[in-house]
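Each remark here refers to the structure printed beneath this line.
The values are calculated or read from the model by the stated rules, or taken from the named source; none is laboratory data. All values reported here derive from a predicted model rather than from experimental measurement. We place every Cβ from the backbone using ideal geometry, glycine too, and count neighbours over all the protein chains shown. These area figures cover heavy atoms from the full protein model, side chains too; ligands, DNA and RNA do not enter into them. Shrake-Rupley method; radii C 1.70, N 1.55, O 1.52, S 1.80 Å.
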Amino acid sequence: AQSVTQPDIHITVSEGASLELRCNYSYGATPYLFWYVQSPGQGLQLLLKYFSGDTLVQGIKGFEAEFKRSQSSFNLRKPSVHWSDAAEYFCAVNNNAGNMLTFGGGTRLMVKP
Amino acid sequence: DAMVIQNPRYQVTQFGKPVTLSCSQTLNHNVMYWYQQKSSQAPKLLFHYYDKDFNNEADTPDNFQSRRPNTSFCFLDIRSPGLGDAAMYLCATSRDSQGWETQYFGPGTRLLVL
């Protein structure tokens, strides 16, 4: 069975600092990997996804993520965080069987002024 | 230009009183999903429709039912809500069911059970 682990439940960074959110997955085949962001009381918005090709994926709002098969990781990065980036971030993997997403537990990002 | 719309955004019901949550989409997507998200947890898939084909997750309680009368609309019925059913309910759609397809989420309906 597939699973996703986000080791950091909470992260606090200063505005303007760089950010890396960790995601590790467990899945037998080549995974389809996603990062979603959820603002308080809102639905989920796709930031980026990986399904083939270049392992460095660019997304919206200045985010990027790198797929590392050897480490079973898909970490999300941003070079300079803005206060509006404060939200919950979910990593997810798809098992390619009916498009079933399995989400990690989420990382709550807080941004200090 | 809202794409996945959920109504109402907030719903209060009484213990045991049936409630229906609504989702509509303007994307003409084949697949529609319902997720349950409890506080500080990840979304958990309840069931999904591929066109008119209903697919229930194995651990979804019988208390939860769904209807999809047409491509655009999908409903979540909770027959006898318990206190443990208080959660955010998220509707999502995808064009098709391949693994790389993006799921587009609505804003959610927050359900409170008194």
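For chain B, the convex hull drawn through the C-alpha positions has a volume of 101 cubic angstrom per residue. Label positions at B:ASN28 and A:GLN71, each projected 7 Å from the Cα along the C-beta direction, are separated by 4.3 nm. If the chain linking B:ASN55 and B:LEU83 were pulled fully straight, counting 0.36 nm for each residue of separation and taking away their Cα-Cα distance, it would gain 7.5 nm.
For the residue pairs A:LYS61/B:LYS44; A:LYS61/B:LYS17; A:LYS112/B:LYS38, alpha carbon separations beyond 32 Å are given by A:LYS61/B:LYS17. Interface of A with B. Using a 1.4 Å probe and counting protein heavy atoms only, the two chains hide about 1700 Å² of accessible surface, both sides summed. P(r) tail, chain A: Cα-Cα pairs separated by more than 16 Å, 56% of all pairs. Just the protein heavy atoms count here, and of the accessible area of the stretch A:15-93 at 1.4 Å, carbon and sulfur take up 48 percent. For the stretch B:17-114, the share of accessible area belonging to carbon and sulfur comes to 48 percent (1.4 Å probe, ligands and nucleic acids excluded). Ellipsoid semi-axes for the stretch B:3-57, based on the Cα gyration tensor and the rule √(5λ), read 21, 15, 13 Å when sorted largest first. Using only the C-alpha atoms, the convex hull of the protein assembly as shown corresponds to 125 Å³ per residue. The slack in the chain from B:ASP62 to B:TYR10, taken as 0.36 nm per residue of separation less the alpha-carbon distance, amounts to 16.4 nm. For the protein assembly as shown, the solvent-accessible area works out to 47 Å² per residue, with a probe of 1.4 Å and every protein chain left in place.
With both residues required to sit in the protein assembly as shown, DSSP beta bridges show an antiparallel share near 90%. Compactness check for the stretch A:54-113: Cα Rg over 2.2 N^0.38 Å is 1.27.
Would you mind telling me which residue in B:LEU83, B:LEU45, B:LEU27 has the biggest mean-square fluctuation in a Gaussian network model of chain B, where springs connect alpha carbons within a distance under 10 angstrom? Result: B:LEU83 has the largest fluctuation of those listed.
Partner lysines whose Cα lies under 18 Å from the Cα of A:LYS68, excluding those fewer than 8 positions away in the same chain, are identified as A:LYS49, A:LYS78.
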